Amino acid sequence: MINTPLDAPTDFIPSAEERPAGQWMEGYWVKIAYWAKYFSFAIWAYFGWLTYSHFTARTAIMLVFYIPTVYLGYSCFQFSSILNRALARRDQLLLQEAFLKLHSFLILGLVTIAFGLISSLNDWSITFILTSHGH
Amino acid sequence: MEHEIPEHVVEIKGLWLTDHLLSQFRKCARLGRPLMALCLLLGVSTLLNSLYYLIWYWSQNSLPATKFYLLEGDNLYRLLSLAINIGLFYACARGIFEGYKAWRLLRFSETDDDALLEGTERLGKMFRWLVIWAGVFGARILFVWLSRQLMS
């Protein structure tokens, strides 16, 4: 039977080929968690601004297309906070969970960008209408 | 009573580069690269749209051959707007560049420790540049809002 530390999750036992992450990797993860947290706040702030501008322009229905943005911010925040907790507690399972959240963040990023590209096509059509009809 | 912890048990404490974790990095990298490519496409489309509109605006409102006054008309607004847009596109491009490099390195990090380290470092830089980009974007929104308030 293999011993594990008492405060470590019992279902994590590294194999002989696996290696510790080391100081450099952990240092980079600290930086990733720090900036990802602020990026999630920025995404939410962007959604707040979108909500404000669409409500003032009376086009609130358009907000439906920006719902993935809220989840994008949430998954980014979760990634950051779980990664921070994993680093603080030195918990391997939390570390793996954090990168699972990063994967969800990337999927949502693809969805958001797809909506962004549709919105960009709409911007182009507005620009063409404006330029063909003058001021 | 003092307990002695065996040496190999102490070594387990801490974070490990397990096979599972490394495969998660590669899984993220498979999505990250196309995401960065689409971000670039969106950024270029937005940039071209702005430039097209700007060129059209200048062609419609050709500048007078007289002296240029910064505080005359909306010259100050247009110059500040241009400076903010340049900052916006620079920060966005840097974020996409760092992200693309990070995901490319992490994709091939299975047998290359340097790629794993550099890829992880660049991932942090990607998030930092994206935060800077978001900050400049916020400044642009504030700037447009303030100008509208002052002009009205």
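The values are calculated or read from the model by the stated rules, or taken from the named source; none is laboratory data. A quick note: this is a predicted structure, and the numbers were derived from the prediction, not measured. All Cβ positions, even for glycine, are placed from backbone atoms using ideal geometry, and neighbour counts span all protein chains on display.
A few points about this structure:
- Inspection of the stretch B:88-99 identifies at least one residue that is closer than 24 Å to residue B:22 by Cβ and within 13 Å of another protein chain (Cβ to nearest Cβ).
- With respect to the conditions (1) over 21 Å from residue B:96 (Cα atoms); (2) at pLDDT 95 or above, residue A:53 lacks only one, and its number is (2).
- Residue match in the stretch A:98-108 (condition: within 10 Å of chain B (Cβ to nearest Cβ), in contact with a Leu (Cβ under 6 Å, 6 or more places away or on another chain) and more than 21 Å from residue B:38 (Cα to Cα)): yes
- Selection within the stretch A:76-95 - at the interface with chain B (Cβ under 7 Å from one of its Cβ atoms) and either surrounded by fewer than 18 Cβ atoms within 10 Å (Cβ to Cβ) or out of contact with any Phe, Trp or Tyr (no Cβ under 9 Å at 6 or more places or on another chain) (or both): A:90
- Some residue of the stretch B:70-81 being at pLDDT 85 or above and buried (at least 17 other Cβ atoms within 10 Å of the Cβ): no
- Which numbered condition residue A:71 fails, given (1) modelled with pLDDT of 80 or more; (2) within 12 Å of chain B (Cβ to nearest Cβ): (2)
- Leading residue by the ranking (surrounded by the most Cβ atoms within 10 Å (Cβ to Cβ)) among those in the stretch A:109-125 that are within 21 Å of the chain's Cα centre (by Cα) and at the interface with chain B (Cβ under 7 Å from one of its Cβ atoms): A:109
- Yes/no for residue A:69 being under 20 Å from the mean Cα position of the chain (by Cα) and more than 29 Å from residue B:25 (Cα to Cα): no
- Selection of first residues in the stretch B:129-152 that are at the interface with another protein chain (Cβ under 10 Å from one of its Cβ atoms) and part of a helix (DSSP H, G or I) and of second residues that are surrounded by fewer than 16 Cβ atoms within 10 Å (Cβ to Cβ) and among the hydroxyl-bearing types (Ser, Thr, Tyr), restricted to Cβ pairs under 9 Å at least 6 apart or on distinct chains, gives the following pairs, ordered by first then second residue: B:133/B:90; B:141/A:53.
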